Amino acid sequence: MHDKNKAQQSRKKLTRFLPLLVLLVLILVVLALGARIKNEKGMLLEEKRNALIQERPPVNVVVQEMVPGLLRDRLNLPGIVEPWESLNISAEVRGMVEEVLVEEGDHVNPGDLIARLDTGDYENTRNSIKAAYNLALTNLQRLSGLHEQEIIAKAEFDSIKAEAESLEADLAIAEQQLKRCYIRSAIAGIVNELPAKKGLYLAVADPVATVLDIDRVKVNVGIPETDVDAVRKIDRFEVIIEALQNKKISGSKYFLAVAPDSQAQVYRLELEVENSSGGILPGMFARVEIIKQEFPEALAIPLYAVISRDNKHFVFLEEDNVAKLQEVRLGILDGWEIMITEGLAPGQRVIVVGQRSVDADQKVNVVRKVTNPAEIAR
């Protein structure tokens with residue numbers, strides 16, 4: 001009797017859990033069927049895509065064979081031409097301009113006379129002081145013997161001596177004032193401005209002329225702080241003057257500032273450029289090319305040949321007339337050529353024209369092969 005009751009209880013428990021077991025089995029069956037359907041759907045889509053690719057006609061493409069070559073990490077920065085030296089000549093004494101001896105555009109050397117002021121008043125002052133000074137010297141010499149004989153007091157002799165020394169100093173000042181009536185250039189250069197005119201009265205510090213030395217010129221360039229260390233190691237730079245039909249000249253480093261000129265953290269670089277012909281003029285716009293580093297065995301392709309997806313970079317390779325997608329890693333940009341640091345090897349052929357019209361594993365028709373990106377535009 002006891003065994004019979006126990007069997008009945010077991011049947012009741014089984015009857016209670018049977019629906020749950022059936023439901024669990026159904027769920028597992030549904031999941032398995034779903035996974036199989038999804039897998040078969042993916043396979044069908046892949047087959048369909050492959051079929052479409054096979055059905056599509058080959059795309060005409062241009063390929064570039066990877067050949068190592070020279071690539072440069074360079075900066076191209078704007079600059080401005082300035083005279084090597086600019087001298088603003090001003091009047092050191094007041095007076096009327098008696099004569100102007102140069103014209104704007106004339107070349108002057110150090111010591112050449114630019115203009116002459118009226119010297120009449122300064123000559124009279126000089127002559128008056130000189131006469132007083134000569135008299136004081138005569139008196140000093142005459143009284144010197146009396147002083148030695150102790151006929152006159154020492155205080156009287158010292159007073160005459162001090163007067164002679166004071167007049168000597170006044171005479172030197174008068175001579176200097178007279179000399180400053182002759183206004184001269186302290187440097188060699190071109191007279192760029194000439195405000196002084198004959199008959200014009202000049203006060204002290206009034207402008208007379210501006211002389212510019214342009215036998216050599218400076219090209220000032222602002223260097224970003226991130227490139228200062230690289231620029232320190234470079235001594236010569238290529239300078240392009242746009243106003244002279246993009247004339248290329250060589251410039252040497254003259255000075256690199258140790259502090260930035262502005263809050264933009266730009267450091268002033270001064271380049272020395274030879275200009276004996278005088279063709280380069282102050283104020284002209286220049287571009288300075290700074291080569292930071294050279295890569296003699298670099299692999300490079302046109303930037304537009306790179307396809308970017310989800311922060312990754314790819315190119316299409318041509319292998320046996322089939323497009324193959326290849327992930328690559330990019331390096332420096334030199335003009336419109338981008339360096340490939342990983343993902344490509346010499347001899348491989350990259351699709352550089354038509355890559356936007358192909359899919360992976362699609363057939364292509366190579367209509368042209370180049371080895372240098374510059375050949376593509378020819």
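The values are calculated or read from the model by the stated rules, or taken from the named source; none is laboratory data. On a predicted model such as this, the values are computed, not experimentally measured, just so you know. Ideal geometry is used to build each Cβ from the backbone, glycine not excepted, and the neighbour counts take in all protein chains shown. The area values use the complete protein model at the heavy-atom level, side chains included, leaving out ligands, DNA and RNA. Shrake-Rupley method; radii C 1.70, N 1.55, O 1.52, S 1.80 Å.
Name the residue, out of 358, 306, that is more than 34 Å from the chain's Cα centre (by Cα) and either surrounded by 15 or more Cβ atoms within 10 Å (Cβ to Cβ) or closer than 27 Å to residue 80 by Cβ (or both).
None of the other options fit; the residue is 358.
Which strands (runs of 3 or more DSSP E) sit wholly inside the range 251-312 and have at least 1 residues that are hydroxyl-bearing (Ser, Thr, Tyr) and under 29 Å from residue 326 (Cβ atoms)?
307-309
Does the range 300-307 include one or more residues that are among the aromatic types (Phe, Trp, Tyr) and farther than 29 Å from residue 236 by Cα?
Looking for residues that are among the aromatic types (Phe, Trp, Tyr) and farther than 29 Å from residue 236 by Cα, one finds at least one in the range 300-307, hence yes.
Checking residue 162 against (1) touching a residue at least 60 places away in the same chain (Cβ under 8 Å); (2) more than 29 Å from residue 83 (Cα to Cα), which single condition isn't satisfied?
(1)
Are any of the residues in the range 142-154 touching a helix residue (DSSP H, G or I) at 6+ places or on another chain (Cβ under 6 Å) and aliphatic (A, V, I, L, M)?
yes
Tell me which strands (runs of 3 or more DSSP E) are completely within the range 176-234 and hold 1 or more residues being farther than 13 Å from residue 107 by Cα, or say none if there are none.
Ranges flagged: 182-184, 207-224.
Does residue 5 satisfy the criteria of being at pLDDT below 90, open to solvent by less than 100 Å² (accessible area, probe 1.4 Å), of a type in the set (S, T, N, Q) and within 60 Å of the chain's Cα centre (by Cα)?
It is false that residue 5 is at pLDDT below 90, open to solvent by less than 100 Å² (accessible area, probe 1.4 Å), of a type in the set (S, T, N, Q) and within 60 Å of the chain's Cα centre (by Cα).
If a residue must be loosely packed, with under 14 Cβ neighbours inside 10 Å and either part of a helix (DSSP H, G or I) or touching an Asp or Glu at 6+ places or on another chain (Cβ under 9 Å) (or both), how many such residues does the range 102-122 contain?
Counting residues in the range 102-122 that are loosely packed, with under 14 Cβ neighbours inside 10 Å and either part of a helix (DSSP H, G or I) or touching an Asp or Glu at 6+ places or on another chain (Cβ under 9 Å) (or both) gives 2.
Select from the range 257-303 the residues that are charged (D, E, K, R) and over 23 Å from residue 212 (Cβ atoms) and write down the one among them that is nearest to the chain's Cα centre (by Cα).
The selected residue is 289.
Given the options 93, 81, name the one that is touching a residue at least 40 places away in the same chain (Cβ under 8 Å), in a strand (DSSP E or B), open to solvent by less than 40 Å² (accessible area, probe 1.4 Å) and not basic (Lys, Arg).
Being touching a residue at least 40 places away in the same chain (Cβ under 8 Å), in a strand (DSSP E or B), open to solvent by less than 40 Å² (accessible area, probe 1.4 Å) and not basic (Lys, Arg) holds for just one of 93, 81, which is 81.
Looking only at the range 242-282, how many residues end up being without any contact (Cβ under 8 Å) to a residue 12 or more places away in the chain and either closer than 17 Å to residue 188 by Cα or open to solvent by less than 70 Å² (accessible area, probe 1.4 Å) (or both)?
3
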